Every structure is written in C-alpha cells, then in structure tokens.
Amino acid sequence: MRFLLVDPPHKIWTILRAWTPSPGCLQLLAYLEREQFDIEYMDCTLNENPWRDLEEKIRREKPDVVGISVICTAFVYDGMNAANLIKAANPKTIVIMGGEHPSFMAEETLRDCPAIDYICVGEGEVTLTEFLRAIEKKEDLSKILGLANLNEKGKFVYTGDRPFIEDLDTLPTPAYHLARMDHPFVTLPSEGKRGLVVNFSRGCLWDCTFCSESAFYKKTWRRRSPKLIADELQLLKEKYNRDIFYVGDNTFNVKREQGIGFIEEMLKRKTNQHFWLQSRADLVIRDEDLLDGFREAGVYQFMMGLEYHSDSVLKDIKKHQTVEQAVKAMELLKEHKLMVMATLLIGHWDETEKDRKEFFNFFGKYVDHFGLNLITPLPGTPLFYQMKQLGRIKDWDFRNYDYLHAVMSAKEVDDLEQLNLIYRDIMRRYYWRPREMFKMFSPNPILRHHHRYYITKVAFNIMMHEVFGTPIWVQPNYQEYKDYLVERGEGLPKELMALAK
Ligand code: B12
Ligand code: SF4
C-alpha cells in the first residue's frame, strides 16, 4: 500500500518570500515511517512545475492513498484543487485531507469538493495510521475515531473525536530527511542566516475569541521536553546547517519549567543558534528573571500578541491581559536587550479613526517589528460563529482569510476595500518613518538585516506597485491552478475547469 502526503501548491507569502516544510507534515511522515508504511512526501510549492509535477506523479505512480494537508484556512482552495486534479489523474486513489480548516469545516469541505473521500478531524498521527492499516486490510473504517465522510446517500458521517496524544515526547523527530531542506526557498531571508520554522508544542491554555489554535486543541497545551527540542535543534545545525529559527509554538513558555529547561539545554549544547519565540505579555512578566537566560541561550526576539491599545477591546476579544501588562512586558524585553515584535489586530467593529491614531502612536513607540493584522473570523473560532450570526462577514472567499485582507466590515467603515486601504496606510506610515529607516543601520545585526530586508525588499516593492503599477513579488514557479488547466488543455475532463477554485 503506497501513501503519498501532499502539501499542495501555494502562493508564497510576499512578506516572507520563503517557504518552510510544514512541521505538521514532517511529524506525520515520521510517525508513519516508524509504523513502516511505504510513504512519500511532495511539498508541491517547491516543485518547478507544481501542478504538472503533481498530476504526472499521480498518473505515473498511482498511489493507493493520497493525504492532503491544509494548515490554514487561506490554503483550503489549494487543497481542493489538488484533490480534484488527483482524482482526475487516477480515480482509484483514495483522498484524505487533514488540517485545522477541514477539521472545523468537515461537512462543508466534503460537500464543496467531492474529490475528497475522507477528512481527518483533529490530530493526524494515530488517525492516519489506523486509517491506512484499515485500508490495507480492507477493514471497516467506522470504528476509527476522527474520520469524517459523506456516505453513499450523501449523509455526513463523523466517527467522533480522537483523543489528543498525551505525551508529545512519544512522537519521533520530524522527518527532515524527506523534506527538500536544500531548496533555495527553504530559508528565512528576513532573519539573515539559514533559517527554518519549527514547532515544539501544540495548543494554548487561553481562549482568545479569534484564535483557531486554541479552538483546535480545545484550550489544552502539550509540549516536547527541552531535551528533545535541543536534540532536534542540534540535528538541524549539524546535518542541515540551520542557525536561526522562527519557533511556531503559539505560546512557548506556558509553563516556567519549559523556559528554564530550554535555557539550560541550549546553554549546555552551545550550538550558537538563534530563536524568535512567541509568548504572552503576562508570561514575559512572570519570567522576568529568565529573560537574560533566554538571551544567552540564543533568543533574540519575543513576539507577543498584544493586539490593541485599549483594555475594553482586549476584554472583548478575551485576551485576559491588560495594556499595562503590554507596556511592562515591552519595557522588560528592551531592558534585557531582546527585540520586541507585537502582533496587532485592527478592524474591530467599534473602531474609529481616532482609535487608529492612538493605536499607531502607542505601538509605534515600542516595537521593533510591527505585526499588523486585520481581525479575521477564522472558521472554528468563537469570533467566527459570533460574526456569522451578526451578519458581519462580507467576504466568504477563504483565500482572503490571511489576516492581511478585511473580510468583515466595521461600524464606521462598511467597505472592505476601504479597510484594506486603511491597513496598508498604517503599514506604510510605520515603515517609512525616519526611526524605522535608522534601524537599517542599527548596531544589532539581526535588527539591521531585518529592517533592510523589509524596507528595501517588501516595502519598496509595495510602494513601486502602488505608485507605478509594477508587479508585486511572486515566486518564479508560481502558477494559478486555472492557468495550469488552460495550459493543460484537452487531456483533462472539462468538468475540472468548472471545479477550479
Ligand atoms: C509552519 C507555519 C507556516 C508556514 C507554512 C508551512 C506550510 N508548508 O504550509 C509559513 C511560515 C509559510 C506560514 C505562513 C502563513 N501562515 Co502559518 N503557521 C505555521 C505554524 C507556525 C506551524 C504549523 C504546524 O505545523 N503546526 C504543528 C502541527 C502539529 O499542527 P498541524 O499543522 O495542524 O497538523 C496536525 C493536524 O492538523 C493534522 N494534519 C495536518 N495535515 C494533515 C494531512 C493529513 C492527510 C492528515 C490525515 C492530518 C493532517 O495532523 C497534524 C499532526 O497532528 C502555525 C502555528 C502553529 N503553531 O501551528 C501557523 C498557522 C498555521 N499559520 C497561520 C496563518 C494564518 C498563516 C498565513 C496565512 C498568514 C499569516 N499571517 O501568518 C501565512 C500563509 C501565507 C502564505 N501564502 O504563505 C495560522 C492559521 C490559522 C487558520 N486557521 O487559518 C496559524 C495557526 C498561526 C496562527 N495562530 O495564526 N505558516
Ligand atoms: S494567547 Fe495566543 S495562542 Fe493563546 S489563545 Fe490567545 S491568541 Fe491563541
């Protein structure tokens, strides 16, 4: 039985201009490999001809089962297009899709894309293993928890929730050997050296209304132990020459012991690697005495979800954090010579022009890296259900659910395009300030590189686009699925074109 895991072709984020093999996919692959399945991985974004290579591989190799991974809502149409192409290339291949968005929207996704046979709801390692074994032995699938499908009568069937894996230390090291680690896209150009996104924990103990991670992991948090984290980082250094990491864990130091263990391990290993961690303001304050240790262990930046400058909005989105804590955390990080990145949310329903001015002045003062987002009702989150009920969601094209596009109107600004302009205007005003320009000459090499990258590459590209209409950067191998079908022409059924998203 041959299984192919596909990360479908995606358009690379213009801000990042880089790609990273999905940590979730690498974890799944390592698990299946340990279970001795015959597996392969195709991270299509890195292929020279992403859609053509996918189609040809399916025609040539006819895998029995193909798994499609969709890690964000914004990627779901890429996953559906891939499913349609795979089924057209080999109708006998069984297609199973997994990831946050299809888990939350299982029935809608199955109905919208009949080429998907099954959806894995929730964590994938155990469900996929049981699923593949059952297919191999032609056994009943109805007892396998975490599976959704439409039965012969078109009725939605769900086998029930799969309990979370209790101990993440029981999982093998992600299968980096199956990823194209040497591909030129697999880096972090904004951070300087050879970079990578890694992930060492799942979930979070808080319940911010807009957060899909907290919803997916049902307000729980599990983590790999610091020793295994350090082993993985050392492997990445020694075998893959990786020095700098964006650690994808939503909240790295939920427990103090995690931070202490990480610091001890990294100081012991002396790998000279650098880390960008994510946390909350209250946890940074709690761990004030560890901040020097974090820096010495290689941490150069903390990203905190500070979101907004007013306590009433923070209360409304259930951040369980105050503006006073945000200020204190930013000051502490500066005091301990750590860079501050804040992720921020604008576009709230009651927001006024005056609020946005105050917001800009407030955060513009402190942060080194301004992670501005537009509030987005991601399917599965409390915000989504609330906004849907209130009828405030105006754009149902999930491609735009990337925090960079307005999809909900605000009380004073009904037009989404207007909100998009407001967003771009704030970004422009932030990065073109003299103090940001000076950061291009900062004595801190990471901050200097970072700002040179953002201003000369990203901001300049956007400015040229807005003033002279020059194109926005896109990866050279990018091809829209529809364009591929047109190029492909006759060989494919006509209905495929109608299904293209
Ligand atoms: C790595 C990563 C990326 C990589 C993409 C990697 C890739 N190849 O797709 C990069 C850095 C490029 C990226 C970009 C973006 N990302 Co991102 N990213 C992550 C990150 C840090 C890790 C994902 C991960 O591997 N998690 C760990 C694994 C264990 O979880 P998992 O992926 O869900 O996989 C499990 C299950 O879902 C399931 N599963 C998954 N796939 C499959 C497939 C099959 C067949 C089966 C059976 C099961 C299965 O099994 C897995 C193991 O249990 C997460 C945050 C996080 N901590 O998760 C954000 C996250 C996924 N990203 C997010 C977003 C919004 C984006 C962006 C759209 C915009 C942005 N502002 O960041 C951009 C995309 C723009 C673009 N065009 O590139 C959101 C998604 C929210 C949502 N519901 O839509 C997240 C959750 C961060 C957040 N909290 O906001 N991202
Ligand atoms: S603190 Fe961050 S990760 Fe945790 S629920 Fe809130 S937004 Fe999500």
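What to note about this one:
- The one condition in (1) away from ligand 2 (no atom under 14 Å from the Cβ); (2) surrounded by fewer than 21 Cβ atoms within 10 Å (Cβ to Cβ); (3) within 19 Å of the chain's Cα centre (by Cα) that W276 fails to fulfil: (2)
- Restricting region 223-248 to residues that are among the β-branched types (V, I, T) and more than 13 Å from ligand 1 (Cβ to nearest atom), the residue that is modelled with the lowest pLDDT: I244
Okay, residues lined up against (1) under 24 Å from P174 (Cβ atoms); (2) touching a residue at least 12 places away in the same chain (Cβ under 8 Å); (3) out of contact with any Lys or Arg (no Cβ under 7 Å at 6 or more places or on another chain):
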residue	(1), (2), (3)
A89	no, yes, no
M97	yes, yes, yes
L110	no, yes, yes
T127	yes, yes, no
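- Residue match in region 260-268 (condition: closer than 29 Å to Y176 by Cα, without any contact (Cβ under 8 Å) to a residue 60 or more places away in the chain and under 25 Å from the mean Cα position of the chain (by Cα)): yes
- Only a single criterion out of (1) within 27 Å of C208 (Cα to Cα); (2) in contact with a helix residue (DSSP H, G or I) (Cβ under 8 Å, 6 or more places away or on another chain); (3) free of Cβ contacts under 8 Å to residues at least 40 places away in the same chain; (4) surrounded by fewer than 20 Cβ atoms within 10 Å (Cβ to Cβ) is not satisfied by S225, namely (3).
- Exactly one residue among A106, A82, A115, A88 is surrounded by fewer than 24 Cβ atoms within 10 Å (Cβ to Cβ), within 22 Å of the chain's Cα centre (by Cα) and of a type in the set (A, V, I, L, M), and that residue is A106.
Yes or no, residue by residue, for (1) crowded, with 22+ Cβ neighbours inside 10 Å; (2) modelled with pLDDT of 95 or more:
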position: Q321; (1), (2): yes, yes
position: M330; (1), (2): yes, yes
position: L333; (1), (2): yes, yes
position: G347; (1), (2): yes, yes
position: K365; (1), (2): no, no
position: T376; (1), (2): yes, yes
position: F384; (1), (2): yes, yes
position: N400; (1), (2): no, yes
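- Any hit, region 210-222, residues being closer than 30 Å to D316 by Cα, assigned to a strand (DSSP E or B) and more than 10 Å from ligand 1 (Cβ to nearest atom): yes
- Condition check for R356: touching a residue at least 40 places away in the same chain (Cβ under 8 Å), of a type in the set (K, R), assigned to a helix (DSSP H, G or I) and touching a strand residue (DSSP E or B) at 6+ places or on another chain (Cβ under 8 Å): yes
- Of all the listed residues (Q325, Q321), the sole one being in contact with a Gly (Cβ under 9 Å, 6 or more places away or on another chain), closer than 24 Å to E288 by Cβ and of a type outside the set (K, R) is Q321.
- Residues satisfying the stated conditions in region 254-272, i.e. crowded, with 20+ Cβ neighbours inside 10 Å and more than 30 Å from H348 (Cα to Cα): Q258, G259, F262, I263, E265, M266
- Checking V126 against (1) buried (at least 21 other Cβ atoms within 10 Å of the Cβ); (2) near ligand 1 (Cβ under 10 Å from one of its atoms), the condition it does not meet: (1)
- Checklist (1) within 27 Å of L306 (Cα to Cα); (2) surrounded by 17 or more Cβ atoms within 10 Å (Cβ to Cβ); (3) not small (G, A, S) applied to L178, failing item: (1)
- Residue within region 361-373 that is within 16 Å of ligand 1 (Cβ to nearest atom) and among the hydroxyl-bearing types (S, T, Y) present: no
- The listed residue being surrounded by fewer than 21 Cβ atoms within 10 Å (Cβ to Cβ), farther than 30 Å from N420 by Cβ and of a type in the set (G, A, S), out of G293, G298, G371, G380: G293
- Taking region 410-501 and the helices (runs of 4 or more DSSP H) fully enclosed by it, the elements with 1 or more residues that are at pLDDT 90 or above and more than 19 Å from F363 (Cα to Cα) are at 416-431, 445-452, 460-468, 481-488.
- Among the candidates E257, E232, E265, residue that is out of contact with any Lys or Arg (no Cβ under 9 Å at 6 or more places or on another chain), over 30 Å from K388 (Cβ atoms), among the acidic types (D, E) and in a helix (DSSP H, G or I): E257
- Residue check, W349 without any contact (Cβ under 8 Å) to a residue 12 or more places away in the chain and not in a helix (DSSP H, G or I): no
- Cross-chain or 6+ apart pairs with Cβ under 7 Å, region 381-407 first and within 16 Å of ligand 2 (Cβ to nearest atom) and among the aromatic types (F, W, Y), then modelled with pLDDT of 95 or more and in a strand (DSSP E or B): Y403/N373; Y403/L374
- Enumeration of residues in region 55-75 that are of a type in the set (A, V, I, L, M, F, W, C) and farther than 28 Å from G248 by Cα: I58, V65
The values are calculated or read from the model by the stated rules, or taken from the named source; none is laboratory data. Bear in mind the structure is a predicted one, so any value in this text is a computation, not a measurement. So basically every Cβ, Gly included, is an ideal-geometry build from the backbone, and we count neighbours across all protein chains shown.
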